[in-house]
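No value in this document is a laboratory result; all are computed from the given coordinates. On a predicted model such as this, the values are computed, not experimentally measured, just so you know. Here the Cβ is made from the backbone with ideal geometry for all residues, glycine too, and neighbour counts use every protein chain on show.
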Amino acid sequence: MIPEKVKSVLENYGLMALEFEEGSTPTAEKAAEKIGVAVGQIAKSILLKGKDDKYRMVVLAGDKKISSSKIKKLTGVKHSMTSAEETRRVTGFSPGGVCPFGVDNIEIFIDQSLEEYDKIYPAAGTDATGVPMTFEQLLAITGGSVCDVSS
Amino acid sequence: MSHPEQSLQGRYKRSLLYLLKWVVLAVFSGITGPAVIVGMLFGAAAADFLDIPLFSADYFAFVSAGFSALLAGTMNIPLASAIIAVESFGLQYGFPAGVASIIGFQINRFHTVYEYSIGTGSGSL
């Protein structure tokens, strides 16, 4: 079941989420297999907490990993991954279904690794969804800034 | 919310307690405690060196590997240390912990913190 706040954001932009059976797209690999696209086309959203107690979200290609030194260079502070409980509290989404839609007060960084794909698939708040969209649409919806934080 | 100055004091006290905890553990917890702590610190340092984000799954894989490698090396208990690491960190870290414990044991098998070991006598393994 897609959360209301995500649904309204997607409806505003005329996007439709693909829905599968529950728990079928918890990781980028499984989602890619389910949708039938390359792992890199799955946009994974990762919540980080800085030493300055600010939460930041990074959206990057499914086959890339976050580089902690690049994040530090970009923001000026060291970041750590948040726990499942903390992620749920801050975003309202469970790990496996975190998405950059409908999250307020969190700075969003979009990695340039997603730029090379025509169509990318971020989640829609659950671990059984994917929203087909273009890189430009993702930028417009989230208001995130493009950066290079992957390795 | 508390007063900023109070919270700063609280943070200072907490970090002091945190430091004290490690000192007490390192000095009074025999062999296992310090070995495990130093191993985990080595694992964490390696993960940090390799640019792995703090508290990610990969980070804990390195920490669990350090944990079991040092325990296996110092006490010559490769199987037990891998099992302890799995118990502490979870089954998903069994592979890094197991491999690291074998490597740690192989590197240090002729030296142990105990007086007698299977690796030091004649006809040893």
What is the log10 of I(q)/I(0) for region A:48-97, computed with the Debye formula using one identical point scatterer on each Cα and no solvent, at q = 0.18 Å⁻¹? -0.61
In whole Å, largest first, what are the principal axis extents of the Cα atoms in the protein assembly as shown? 77, 52, 32
Sorted from fewest to most neighbouring beta carbons within 10 Å, what does the list B:Val113, A:Val37, A:Val9, B:Val27 look like? B:Val27, B:Val113, A:Val37, A:Val9
For every other residue with a beta carbon closer than 12 angstrom to the beta carbon of A:Cys147, add +1 if it is Lys or Arg and -1 if Asp or Glu, then tell me the sum. -1
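How many percent of DSSP beta bridges within the protein assembly as shown run antiparallel, rounded to 5? Could the numbers behind the result be given before it?
On the way: 14 of 24 bridges.
Around 60 percent of the beta bridges assigned by DSSP in the protein assembly as shown are antiparallel ones.
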Per-pair calculated FRET efficiency, R0 = 45 Å: B:Gln106 and A:Glu85 via Cβ, rounded to 0.05: 0.70
Name the long-range amide H neighbours of A:Leu18: under 5 Å, sequence gap of 5 or more, or other chain; modelled H, no Pro or chain starts. A:Gly130, A:Val131
Going 7 Å from the Cα of B:Val99 toward and past its Cβ, which residues in region B:50-78 have a backbone nitrogen under 16 Å from where you end up? B:50, B:57-70
How long are the semi-axes of the equivalent ellipsoid of region A:4-147, taking √(5λ) for every eigenvalue λ of the Cα gyration tensor, in whole Å from largest down? 22, 16, 15
